[in-house]
Amino acid sequence: MTWGMPALGLVAVVIASVRWLRVAQREHYLAGSVIAMRRIWMARRPLNLGELLLMVIALLGWLARPDSFWPLLGVVATAVFPLGLALRGRTSPLVWTSRLKRTAGLAAGLLLGSTALVTWVVVATTSRGVAATSAIALIVLSYLGLDATLWLAGPLERRISQTYVDQASRSLARVAPIVVAITGSYGKTSTKWYVKHLVEGTKRVVASPASFNNRLGLARAVNEHLTADAEVFVAEMGTYGKGEIADLCSWIPPSVAVLTAIGPVHLQRFGTEERIAEAKSEIVEGAGAVVLNVDHPLLAELADRLSSEAGGPTVWRCGTTRAAADVRVRARADKASILVRTEQIGDVSATHVFHANLACAVAVALQLGVEPEDISDRSRGITQTEHRQSVGVSSKGFTIIDDTFNSNPAGAARALEVLAASGGPGARRVVVTPGMIELGPRQERENIAFGTSVAEVADDLVIVGRANRRWLARGARGRKARITLVDNREEAVAWVRGRLGPGDAVLYENDLPDHYP
């Protein structure tokens, strides 16, 4: 049984690794993401603090009695916790890609090697039992092992991906399309869709699909979708840190750079909006024209700075406020007017578009030579991108507003306006949401405020999961909205289908992946 202890520890680590490898995959293999998710699971489900407690007891027990069975407590903790994080995801099962296989193999090698080394050193210097020592070393080292693996694997994965990047760079050089690069805290995908819609018919446009907005995703978009006759390539660019967008622009050099918004999305990673703006602004370097949503003061400052540079780029100031001197989309009743330097060139349904994003797209189209009358005609046919405030009707006759790919305060506020305008007389209005994440120090405040706003518009607030449960409930409590708590989206959908009928409306606001509590 003595040697059964490290064997059981190995089994426990394998079980835990299946959970955490899936988390690492969903978090884009970012070093530190696994331990960050561990903290979230402990904060949102306090029972999961039991893992740390059992690990500490196991370690202290082993120190007191080297040949005891105390390490078994750590084995149990490793296999069982965190409570609620399933081995097999409901919406995102583990996908054994080549990268995941490399990550798992490297993690296994590092863990077994470091466990053997630590065991040898401890046994040689203290004469403790080999079996118990190897068991405790295995479970303790596994706690941080996957994050260490992700950190070590980063340079290797970058080297492996370079082949695809080089292929994409050659394709771009050969085809030589006008590159429109789009970034921002939010609004990237919608703006990309609007640009494609407004420019098609004048020029042949290829846009990066879905949310292929990182290094490998954009390389794949070019390699698989760029056609020989493409005249414009629209690239959505995302970032999790300083330097990433500069790297993307080094092999996808933009002729037109677009910054859609600066907001609290990813404050958890960047710390301040100023740092977000600094990282996003890397996109303007070398661009001949820059389109900025000057509704945000940081982007208005950037517009002023670029305009003052001798030989600098053409700057388009866009948005919904008076500061948007070049292209402004002004809402009025159920319509929104598109104004180009005060001249109205068209109208669009006010409920079907994000106004500032449309303003940016209009500026891009004008920069690319699309005639104003063509922009006016095409703007009337714009529809919302999938899962971003797209509106439909269920088989039971109630309106569904799908905003599940949205997770920022501005977008959520806009979605509530759409909900308020939906449904018939006496309609029952429902919001289903897990709240907003990655807002750093503002996450509590923003979710409380969102809960309050929901309660002013909706009759029911259905809170999904535990990520922001107490904050959403605090904001809505004491107001007209009834609060319902469910564990997952499937329960929420069943609740909605069982209660809503013709004329009612439901807003699905955000949809966290199931590796969140």
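The values are calculated or read from the model by the stated rules, or taken from the named source; none is laboratory data. No experiment lies behind these values; they were computed from the predicted model shown. Counting neighbours? That spans all protein chains shown, and the Cβs are built from the backbone with ideal geometry, glycine included. Just the protein is used for accessible areas: all its heavy atoms, side chains included, with ligands, DNA and RNA removed. Shrake-Rupley method; radii C 1.70, N 1.55, O 1.52, S 1.80 Å.
If I ask for residues that are of a type in the set (A, V, I, L, M) and out of contact with any helix residue (DSSP H, G or I) (no Cβ under 9 Å at 6 or more places or on another chain), which ones from segment 357-379 would you list? Answer for segment 357-379, where residues must be of a type in the set (A, V, I, L, M) and out of contact with any helix residue (DSSP H, G or I) (no Cβ under 9 Å at 6 or more places or on another chain): Ala359, Ala363.
The residue that is most open to solvent (accessible area, probe 1.4 Å), among those in segment 380-415 that are in a helix (DSSP H, G or I) and touching a helix residue (DSSP H, G or I) at 6+ places or on another chain (Cβ under 7 Å), is Ala413. Among helices (runs of 4 or more DSSP H) entirely within segment 31-80, having at least 1 residues that are open to solvent by 50 Å² or more (accessible area, probe 1.4 Å) and in contact (Cβ under 8 Å) with a residue 60 or more places away in the chain singles out 49-64, 71-80. The strands (runs of 3 or more DSSP E) falling completely within segment 292-369 that include 3 or more residues that are at pLDDT 95 or above map to 314-319. Only one of Ala104, Ala173, Ala131 is over 19 Å from Ala36 (Cβ atoms), of a type in the set (Gly, Ala, Ser), without any contact (Cβ under 8 Å) to a residue 24 or more places away in the chain and in a helix (DSSP H, G or I). Can you tell me which? When all the criteria are applied, what remains is Ala173.
Restricting attention to segment 86-103 and to residues that are at pLDDT 90 or above and surrounded by 12 or more Cβ atoms within 10 Å (Cβ to Cβ), the residue that is nearest to Leu10 (Cα to Cα) turns out to be Thr103. Restricting segment 204-221 to residues that are in a helix (DSSP H, G or I) and basic (Lys, Arg), the residue that is surrounded by the fewest Cβ atoms within 10 Å (Cβ to Cβ) is Arg220.
Per-residue answers, yes or no, for (1) hydrophobic (A, V, I, L, M, F, W, C); (2) modelled with pLDDT of 95 or more; (3) surrounded by 13 or more Cβ atoms within 10 Å (Cβ to Cβ):
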| position | (1), (2), (3) |
| --- | --- |
| Ala124 | yes, no, no |
| Ala132 | yes, no, yes |
| Leu138 | yes, no, yes |
| Pro155 | no, no, no |
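Modelled with pLDDT of 90 or more, open to solvent by 50 Å² or more (accessible area, probe 1.4 Å), farther than 23 Å from Arg215 by Cα and not charged (D, E, K, R), is that true of Leu106? For Leu106, the condition - modelled with pLDDT of 90 or more, open to solvent by 50 Å² or more (accessible area, probe 1.4 Å), farther than 23 Å from Arg215 by Cα and not charged (D, E, K, R) - is not met. Can you find even one residue in segment 460-472 that is surrounded by 19 or more Cβ atoms within 10 Å (Cβ to Cβ), without any contact (Cβ under 8 Å) to a residue 60 or more places away in the chain and of a type in the set (Asp, Glu)? Yes - at least one qualifying residue is present in segment 460-472. Checking each residue in segment 373-400 for being under 28 Å from the mean Cα position of the chain (by Cα) and among the acidic types (Asp, Glu) picks out only Glu386. I'm checking my understanding of the structure. Among residues of segment 283-299 that are open to solvent by 30 Å² or more (accessible area, probe 1.4 Å) and without any contact (Cβ under 8 Å) to a residue 60 or more places away in the chain, which one is nearest to Val195 (Cα to Cα)? So the residue we want is Gly288. On the given criteria, is Leu21 more than 23 Å from the chain's Cα centre (by Cα), open to solvent by 10 Å² or more (accessible area, probe 1.4 Å) and aliphatic (A, V, I, L, M)? So Leu21 fails the test. Looking only at residues in segment 326-371 that are open to solvent by 60 Å² or more (accessible area, probe 1.4 Å) and of a type in the set (A, V, I, L, M), the one that is nearest to Ala300 (Cα to Cα) is Ala331. Report, by residue number, each residue of segment 501-517 that is among the charged types (D, E, K, R) and not in a loop (DSSP other than H, G, I, E, B). Listed by number, the list holds a single entry, Glu509. Scanning segment 196-252 for residues that are in contact with a His (Cβ under 7 Å, 6 or more places away or on another chain) and of a type in the set (Val, Ile, Thr) turns up just one, Val206. Determine, yes or no, whether Asp402 is among the charged types (D, E, K, R) and within 28 Å of Ser211 (Cβ to Cβ). Yes, satisfied. Here Leu94, Leu111 are screened, and the one residue that is in contact (Cβ under 8 Å) with a residue 60 or more places away in the chain and in a loop (DSSP other than H, G, I, E, B) is Leu94.
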